[in-house]
Structure formats: structure tokens, C-alpha cells
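What follows is a single structure, written as C-alpha cells, with notes after it.
Taken together, the values in this text are just the output of simple stated rules run on the coordinates, not laboratory data. This one's a predicted model, so the numbers in the text were calculated from it and none came from an experiment. Backbone-built Cβ (ideal geometry, glycine too); neighbour counts: all protein chains shown.
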């Protein structure tokens, strides 16, 4: 998908966009128009939402939102700096600090979803696009993505977006 590729290039930390603002704005409008397609599969919609965010200058979600398709995000506990796995989607909704696939008995902490009526910013936009696409499942996943949990290592509470941003800043 050309829009997803363009979004990845724009969101890359080393990309310099000086002089390309008009092109990026055109790509943003194209991504938003594409999201109105009622037959767009979920996986493609997530890639296009990611690209739209990249085109509007959000380099965090413009780089990592596609991980929602796989159901796992890497993160960093804001308190103890332990690397974490945030599982969101078809495999459940939990946080762990170990390989949960090969070691099913690892400590898992529940993720508490953010209430839809309290969402703001990017989370609200992603939730709204999912609802407008009649994809209630991914709209629910977005609520978990912007939710909170406790670190399985230090037990300190954290917001998932902060933990995702922490690993991206390394």
C-alpha cells in the first residue's frame, strides 16, 4: 500500500520534511478520504490511520500504530525502566515483562481500558474512525491501547501511551 509506505517514510525520525509540506498535506487528505471506504479491511484501516497520523506530524503513533494488527506493543515502564510487552487484541489485554507466548505462566497484569467518553486527542480520533467504520472490536482495542495498567516488575501504575512513548525514545 503506497500510503502506508509513504507514512512510514514521513514518520521515520531521520526524515526531514522541509519543502515537502504541500505533498504531505495531500497525502494526509488522501489517507482521510481512504478511511471513508466502508469496505476497507481492519488491517488496512489501521495502516491508513497510522499514515494519516504520520502525515499530520504525529511521529509516535505514525510509527507504532500498526502493532495493533499484531496484538503486541513493546513498551518501557516509566518507573523502573523495565521493557514490557503490551498485549492488546485477539490474544487478550494484559502487560507482561517476559515472553508470554513461550512461557504462558508469566506474570500478567490486566490492562484497564479508558472509557470512550473520556478519550481525547489521538485516542478519540482512532476510536471515532473505528466506530464510523462499524468496527466495534478495534474501537474497543483502542480503548485498551489508551488505558492503564501496573508494571509486573515494580507494580507502579502507568498509562500505556506513556510506556509506548518511553520505548520509542530509547
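Values for this structure:
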read-out: P(r), alpha carbons of region 69-168 - 5 Å bins starting at zero, rounded %; value: 3, 14, 25, 24, 18, 10, 5, 1
read-out: Neighbour-count ranking [beta-carbon atoms within 10 angstrom, fewest first] of 82, 36; value: 36, 82
read-out: Cα gyration tensor shape of region 2-64, rounded if a/c is under 1.5, else prolate or oblate by comparing a/b with b/c; value: oblate
read-out: Inter-part distance where region 21-79 and region 86-107 are each reduced to a Cα centre, Å; value: 24
read-out: Exposure proxy ranking, count of Cβ atoms within 10 Å, fewest first, for 23, 46, 167; value: 23, 167, 46
read-out: Within a Gaussian network of the chain (alpha carbon springs, distance under 10 Å), most fluctuating of 136, 65, 53; value: 136
read-out: Whole-percent pair-distance distribution, where bins are 10 Å wide, for the alpha carbons of the chain; value: 10, 37, 34, 16, 2, 0
read-out: Residue 32/residue 83 FRET efficiency (R0 41 Å; Cβ-Cβ; nearest 0.05); value: 0.75
read-out: Distance in nm between pseudo-label sites at residue 106 and residue 124 (7 Å out along the Cβ direction from Cα); value: 3.5
read-out: Likely footprinting exposure, 1, 49, 119, fewest C-beta neighbours within 10 Å first; value: 1, 119, 49
